[in-house]
Amino acid sequence: MFQLLKEYVRYGVFTLLWFFKLYYFAKTLGLKFVTLPFYMVSGGSILLLSFWILLLKKKKKGLIILDIILTIIILGDIVYFRYFGDFLSLSLIQQAGQMGDIKDSIAALFRWSDLWLFGTFLLYFIPFKEAEFDWKWRTGFSIGTLLIGLFMFLQPVNQYINTNGKALFLNNWWNVSIYNIVGLPGFHGYDAYQTIQEWMNRRELTSEEIDELNQYLDKKQKEPALEFGKYKGKNVIVLQLEAIQSFLIGKSINGQEITPNMNQFINEMYYFPNAYHQAFQGRTSDAEFVTNTSLYPVTKGVVYKRYGTHKYPSIASSLKKKDYHTFAFHAWEKSFWNRAQVYKNYPFDTFYGIEDFKSKEQVGWSVGDEPMLVEMVDVLKESQPFYGFGITLSSHHPYTIDGKYYELNVEGIEDNLLRHYIHAAHYVDRALGTFKKKMEAEGLWDNTIVFIYGDHDAGITLTDHDRSVLDMGNNNFTDWNMKKGIVYFAHAPGQKEGMTIEHPVGQADTAPTILSWLGIEKPRGMLGQHILEDEKNVFFRDGSFVTNTNIYQASIDGIFEKGICIDLASHQDVDVNSCKKPYSKGLEALKFSDRIVEYNFFGKK
């Protein structure tokens, strides 16, 4: 009996170590790990993953195998979450081929403290003699562990469902919400089940679902098109800036402007200080999808990868019908994010990738933004009227560009990543200044609609010291802006004076605005609004939203009452019920967008 108890204690030590790995995962990422139900779910999931080890005569190999698998999953989730703010899922397997292209960014996301996750492996080198027991004893303890694990896991989950219903598990608007109920192993179990179910049980929309979607789209088509046809026949350029956020606009460091050209743009263009990205797991590709189609990203995985062959309403498809020449420019591999396939569906007539640019001046990942934008203008000027969609790259994480492009003195900035980011953003700003001068020199500026916006956040967390240096507040509004805030400028042909517009805009508002200005009816399926519309709503994949008066930051468990409502004017938290009215409207928009994207709604007509 003593030997049997000893074996069970040894197993308990290892399960306790796995529990601390899950605790470290939550702690290092700032996630929830404080409530008794979550302790129970996490502990129960470990027992459910490992009860079979007690059936083995020799348990050491089983412990090693399980420990390796669990450690790899935790480490992968940690690195992925630090950049994408989400967990790995089976639907992301299609992106595995891109890992080599972003190896520098991945390496930059590791922390020395992560190494302790491998510390448990040292215990396997401690010699100990494994006692062998009758299968009846092994089976009894294994079944007992299974039952305990089931109780620990299911009791808190059932309690949540009884209190709040199954809506979270049926709709899953954010993976972190699932995690906060079922823990990390539970999330991956849920994700695997949902993904396999999706693969095995692909279905079509029911007639009721189609009717409901059509009614919604009919209603959206009746929304007013502001300034319709005001710039009919004009050229169009849309520039998507890699990770350029609004918190740097107007800021200086040691007496030097970080973004002098964009600061000047404020005096010459429409400027939206309350602009927000709507990307999700697909990051850059999500941003360009939202911008070009005015639809939303999907809950799991990446639209370009999972639904790259589907048909969508788009700027390019609408302009092609008006004999526009359509171009895409991005100084990277054309296959990255499955762009080559998706761009054919938009459709872009010509896609310029890394091999098509004459310049070999490398800044960061690839050809510098400055020569790339100059070459872009040279191509476009020969094919008017045109739609040119350009994606910059020099400010890609981890923001390391050659020292010869460092033009600022960033002494006083504490965080190393932030120092690199400021240098990279300053270079992008320089490239934008060169782009505007080139457009003016070629006689295109006053004949072209131009949109310039950031694609997603930079993944930077400000220290208290750096907040002070950059003169930024320390409240929920500042934190929200660091996660969602992007630069957003719009230039109308012939515009000479700038206009700062305080109401919110999102990337989904770009396409409807361009088409309205050109006098082209927006196609069914575009869900955004005109940027100049008075009453604005900007919706996000996780259930958050922004209106003219409030920001609603959804809680990580998906319960409305636990979210944060921020007054947009004062930047202070207010009663969450002040944000209740638009909440269901946002979830409705996400639901219908998913039906269009996932079921190829426009590809089957």
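Label-to-label distance, GLU411 versus VAL574, with points set 7 angstrom from Cα along the beta-carbon direction: 4.5 nm. With a Förster radius of 56 Å, plug the Cβ-Cβ distance of LYS58 and LYS344 into 1/(1 + (r/R0)^6) and report the FRET value to the nearest 0.05. FRET efficiency, LYS58 to LYS344: 0.50. With bins 10 Å wide beginning at 0, the percent of Cα pairs of the chain falling in each bin runs 3, 16, 25, 25, 16, 9, 4, 1, 0, 0.
Between LEU147 and LEU226, the modelled label-to-label distance comes to 6.6 nm, taking each label 7 Å out from Cα in the direction of the beta carbon. Within a straight-line Cα-Cα reach of under 22 Å, LYS437 can be paired with the following lysines, leaving aside sequence neighbours fewer than 8 residues apart in one chain: LYS234, LYS358, LYS360, LYS381, LYS496. How would region 460-605 be classified by its alpha-carbon gyration tensor: rounded, prolate or oblate, with rounded meaning a/c under 1.5 and the a/b versus b/c comparison settling the rest? Judged from the Cα gyration tensor, region 460-605 comes out oblate (a/c at least 1.5, b/c at or above a/b).
Of the trypsin sites (Lys or Arg not before Pro) found in region 181-273, those in coil by DSSP whose Cβ has at most 14 other Cβ atoms within 10 Å are ARG202, ARG203, LYS222, LYS230, LYS232.
For region 192-265, run through the GluC sites (Glu not before Pro) and keep only the ones in DSSP coil with at most 10 other Cβ atoms within 10 Å of their Cβ. Let's see the in-between values first.
On the way: sites: GLU198, GLU204, GLU208, GLU209, GLU212, GLU227, GLU242, GLU257; in loops: GLU204, GLU227, GLU242.
Hits after loop and neighbour filter: GLU204.
If you filter region 45-90 for trypsin sites (Lys or Arg not before Pro), then keep DSSP loop positions with at most 14 other Cβ within 10 Å, what is left?
Working: sites: LYS57, LYS58, LYS59, LYS60, LYS61, ARG82; in loops: LYS57, LYS58, LYS59.
Sites meeting the loop and neighbour criteria: LYS57, LYS58.
With all protein chains present, how much of the accessible area of region 393-488 (probe radius 1.4 Å) comes from carbon and sulfur, to the nearest whole percent? C and S atoms contribute 42 percent here. At full extension, SER359 and TYR23 could sit 116.1 nm farther apart than now, given 0.36 nm per residue minus the alpha carbon distance. Less than 5 angstrom separates the built amide H of ILE253 from those of ILE258, all sequence-distant by 5 or more or on a different chain. With a Förster radius of 60 Å applied to the C-beta separation of THR463 and GLU497, the computed FRET efficiency comes to 0.95.
What does a probe at ASN447 reach in region 294-326, counting residues whose amide N is under 19 Å from the point 7 Å along Cα→Cβ? The answer is 320, 322-326, whose backbone nitrogens lie closer than 19 Å to the label point. Modelled spin-label separation between ASP378 and ALA192, with each label point placed 7 Å from Cα along the Cα-to-Cβ direction: 5.4 nm. Of all DSSP bridge pairs formed entirely within the chain, close to 45 percent run antiparallel. Listed by chain and number, the lysines whose C-alpha is less than 23 Å from the C-alpha of LYS61, apart from same-chain residues fewer than 8 away, are LYS6, LYS21, LYS129, LYS136.
Relative contact order for the chain: what percent, with Cα pairs under 8 Å and sequence separation of 6 or more?
On the way: 1042 pairs, mean separation 114.5, N = 605.
Relative contact order for the chain comes out at 19 percent.
The values are calculated or read from the model by the stated rules, or taken from the named source; none is laboratory data. Just so it is clear, the structure is predicted and the values come from calculations on it, not from any experiment. With ideal geometry, Cβ positions are generated from the backbone for all residues, glycine too; neighbour counts draw on all protein chains shown. All accessible areas refer to the heavy atoms of the entire protein, side chains included, with ligands and DNA or RNA removed. Shrake-Rupley method; radii C 1.70, N 1.55, O 1.52, S 1.80 Å.
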